[in-house]
Amino acid sequence: MSAWDELKREVAIELEQLEGLLASHRSLLEKCRTASPDAVERSALAAVLHAFYTGVENVFVRIAVRVDGAKPESGAWHQELLTSIATASPSREAVLSADTVKRLSEYLAFRHVFRHSYTFQLRWEKMRHLVLGLDEMLERLREEIAAFLKRLTE
């Protein structure tokens, strides 16, 4: 199996995991379209948002390591990784559109809040658009990453 085939396989697995994450919480995600979640549900949704972005980062790390040769290692590596994925490197084009990266930066910011806050401090008003945008974000990622991988192997 070629290195590019291996990368495609790894990315496909990560994207399947993200789909599984959303599928396993589908009833809660749907409920939130019509009713505000209670404190326990907000905690669960926050964990979903955190896991979602972690899965997205796993895709980016695989691309950075396999295509760019390494992932960022500084203390701000999460932001650097997202920025690098948005920018062409000597070995590849930009992976994602600027709009997708802008939207993902909100998920990254929430990841930081989740890791440094108590769950009772989470406010639905601040999370709502991220939670309700998960399906669209996953579809957008799927499309843009597939297009990137296709261009990479042409």
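We did not get these values from a lab; they are worked out from the coordinates using the rules stated. As the structure is a computational prediction, the values presented were derived from the model and not from experiment. Cβ placement follows ideal geometry from the backbone for every residue including glycine, while neighbour counts extend to all protein chains displayed.
Before moving on, here are some points about what is shown:
- Selection from M127, T83, G20, by position along the positive dipole direction of the chain (Cβ): M127
- Taking the average, over residues, of other Cβ atoms within 10 Å as the packing measure, peptides 49-56, 92-99 rank 49-56, 92-99 from highest down.
- In terms of distances greater than 24 angstrom between alpha carbons, the cross-link table entries K31/K102; K126/K150; K102/K126; K8/K71; K8/K126 yield K31/K102; K126/K150; K8/K126.
- Given (1) 55, 38, 29; (2) 59, 56, 25; (3) 48, 31, 25, the label whose value is Cα extents along the principal axes in Å derived from this model: (3)
- Relative exposure of R42, R123, judged by other C-beta atoms within 10 Å (fewest first): R123, R42
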